[in-house]
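The next block holds one structure in the form of structure tokens; read it before the comments.
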């Protein structure tokens, strides 16, 4: 079990996961990118920018 | 089967209780009262229940003993008839504001009059299970929280519980739907006046402020500033609360605080996402459910944290909360009869 970089919740790395694979945190629903396999590290996946009238 | 009755069942909250209790596997609905509609079928007031039940409204005078009595009367009426009600049922769950406050002086301050039965105030447990679960289990009298108060309290409780915020700087803006105003039509609820309106009907001094203070303060006085605005929806309340941290905390730290408070709560969901149409709690998705969705964001440039908490005012803010409390009082699974997950799209 590894920690989500956003909320600190536990995230399981799927068997046979590969670098750059995307997965969701089960607690905060953040989309995470696998940026390292040994050791396992995640980063928030990049998002498309949106302009809500800002 | 457990026999339950509802006093004042022709209003919106009473109608929701009817809907929930008719489908509850452990409950036999004995009587439902309405003075105006006594002798008429329940479907007359609640068309969604036509064909679901053959129950007719009774008058208060014909009310018989039962196991659990729900009171859905306008504020001030439950306390006036309390002797009658307390003689009819061992367990009473009141949805009005009559017994929510533990302090007679706080009641007088916010309701503008002395409480008629101050000796009864301490007999009632405030009905938010996430805070008072053990007391509710043992209670014979429960006073359900107000809808705006419930949304606000559930949003802020984790931060106050851990003493993480400045105690004199809490500002809450609650946006509410028209069903909060009750069933009776007035000139202000007339469609041409109400439709499209964003109406600040209580910029200060809303009575639910007292419940919020009572629930959040922990031996030290706090200041809570509440504003309530009605917006263009029928059901729902969303509280946007602004608090200021008294220490440095990251968003991840805050996740830990909220998760610790609500991890095992069946009706609290932490909603905070970076993408999609519903990134933060939105009452639209909660119609008919007993959920309270809670989200938050820490301001990058200050110590401010914005907490967003949403409910269906007629469910978690009233009837659903009442049934959740009843389940606890009767030793039933807390979620019985409350599993509806909502609709999408709606």
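The values are calculated or read from the model by the stated rules, or taken from the named source; none is laboratory data. All values reported here derive from a predicted model rather than from experimental measurement. Virtual Cβ from ideal backbone geometry, glycine too; neighbours counted across all protein chains shown.
Below is a table of values for the structure above.
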quantity	calculated
Residue that is surrounded by the most Cβ atoms within 10 Å (Cβ to Cβ), among those in the range B:180-218 that are assigned to a helix (DSSP H, G or I), at pLDDT below 90 and under 21 Å from the mean Cα position of the chain (by Cα)	B:180
Residues within the range A:17-52 that are facing chain B (nearest Cβ under 9 Å) and either assigned to a strand (DSSP E or B) or modelled with pLDDT of 95 or more (or both), tallied	2
Single condition residue B:302 does not satisfy, out of (1) away from chain A (no Cβ under 14 Å); (2) surrounded by fewer than 17 Cβ atoms within 10 Å (Cβ to Cβ); (3) part of a helix (DSSP H, G or I)	(3)
Residue among B:46, B:75 that alone is closer than 28 Å to residue B:335 by Cα and at pLDDT below 95	B:75
Residue among B:251, B:273 that alone is within 14 Å of chain A (Cβ to nearest Cβ) and either under 30 Å from residue B:142 (Cα atoms) or free of Cβ contacts under 8 Å to residues at least 24 places away in the same chain (or both)	B:273
Boolean, residue B:333 is on the phi < 0 side of the Ramachandran plot, surrounded by fewer than 15 Cβ atoms within 10 Å (Cβ to Cβ) and away from chain A (no Cβ under 14 Å)	yes
Unmet requirement for residue B:230, which otherwise passes all of (1) more than 25 Å from residue B:16 (Cβ to Cβ); (2) at pLDDT below 95; (3) more than 14 Å from chain A (Cβ to nearest Cβ)	(1)
Filter pass, residue B:9 being under 19 Å from residue B:312 (Cα atoms), touching a helix residue (DSSP H, G or I) at 6+ places or on another chain (Cβ under 9 Å) and not in a helix (DSSP H, G or I)	yes
Options B:281, B:221, B:266: the member that is outside any helix (DSSP H, G or I), within 30 Å of residue B:192 (Cα to Cα) and away from chain A (no Cβ under 11 Å)	B:281
